[in-house]
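Colleague: Provided herewith is a single structure, encoded as structure tokens, for subsequent inquiry.
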């Protein structure tokens with residue numbers, strides 16, 4: 001759009017200059033015709049006539065060029081209008097997206113403030129030493145201070161835990177940290193897809209009894 005606007009502006013500038021040139025040349029022709037009426041010899045008369053003819057040729061050339069520029073300006077003008085319309089539509093979409101982004105940002109800020117309050121409340125329940133260790137690990141590992149243990153492996157550093165330590169993590173009630181990366185470890189026992197069915201069956205038996 002900027003390129004078409006620049007081309008259209010240059011086109012209009014050239015047309016304006018040509019209009020000025022034509023007007024100036026026509027004034028010269030008018031003066032020459034007045035002077036030609038005062039010519040005393042045929043030679044002077046022909047000289048004025050030749051000069052007028054020359055300037056009239058310049059006017060025709062300028063007028064032809066004016067027509068060319070007008071023809072060239074039509075597609076440029078249409079392209080600019082089309083681009084402006086497309087840009088207007090795009091701005092509407094962008095403004096709508098920005099409004100949604102602001103709404104989402106405001107909601108996220110409220111949620112973050114709520115979580116910060118909850119975090120402080122939960123952090124206050126932890127032993128001071130464990131909390132200091134957690135904050136140190138969070139900075140060290142860019143926010144990733146906790147890792148799940150899956151199949152005897154720390155998912156933070158992918159190191160396999162010692163068998164006894166793995167058992168401690170699975171069944172112990174204390175805080176455990178990975179012996180390799182230092183992250184706090186937690187274990188989620190696998191859930192069998194058959195459990196809900198079995199539980200439902202047990203519940204039905206209890207109700208029947």
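Colleague: Pick from segment 148-174 the residues that are touching a strand residue (DSSP E or B) at 6+ places or on another chain (Cβ under 6 Å) and assigned to a loop (DSSP other than H, G, I, E, B): which of them is nearest to residue 128 (Cα to Cα)?
Modeller: Here the answer is 156.
Colleague: Okay, moving on. Does segment 79-100 contain at least one residue that is outside any helix (DSSP H, G or I), surrounded by 14 or more Cβ atoms within 10 Å (Cβ to Cβ) and within 35 Å of the chain's Cα centre (by Cα)? Working first, answer last.
Modeller: So in segment 79-100, the residues outside any helix (DSSP H, G or I) come out as none.
Checking segment 79-100: not a single residue is outside any helix (DSSP H, G or I), surrounded by 14 or more Cβ atoms within 10 Å (Cβ to Cβ) and within 35 Å of the chain's Cα centre (by Cα).
Colleague: Working carefully through the options 19, 63, 56, find the one that is under 30 Å from residue 80 (Cβ atoms) and touching a helix residue (DSSP H, G or I) at 6+ places or on another chain (Cβ under 7 Å).
Modeller: Numbers: 19 fails: touching a helix residue (DSSP H, G or I) at 6+ places or on another chain (Cβ under 7 Å); 56 fails: under 30 Å from residue 80 (Cβ atoms).
That would be 63, the only listed residue that is under 30 Å from residue 80 (Cβ atoms) and touching a helix residue (DSSP H, G or I) at 6+ places or on another chain (Cβ under 7 Å).
Colleague: Against the conditions (1) farther than 30 Å from residue 185 by Cα; (2) touching a helix residue (DSSP H, G or I) at 6+ places or on another chain (Cβ under 9 Å), where does residue 87 fall short? Just the number, please.
Modeller: The one condition residue 87 does not meet is (2).
Colleague: Hey, another quick one. Select from segment 169-181 the residues that are at pLDDT 90 or above, farther than 13 Å from residue 137 by Cβ and surrounded by fewer than 16 Cβ atoms within 10 Å (Cβ to Cβ) and list them in ascending order.
Modeller: Passing the criteria: 170, 171, 179.
The values are calculated or read from the model by the stated rules, or taken from the named source; none is laboratory data. Because the structure is predicted, anything quoted here is derived from the model rather than measured. All Cβ positions, glycine included, derive from the backbone under ideal geometry; neighbour counts span all protein chains shown.
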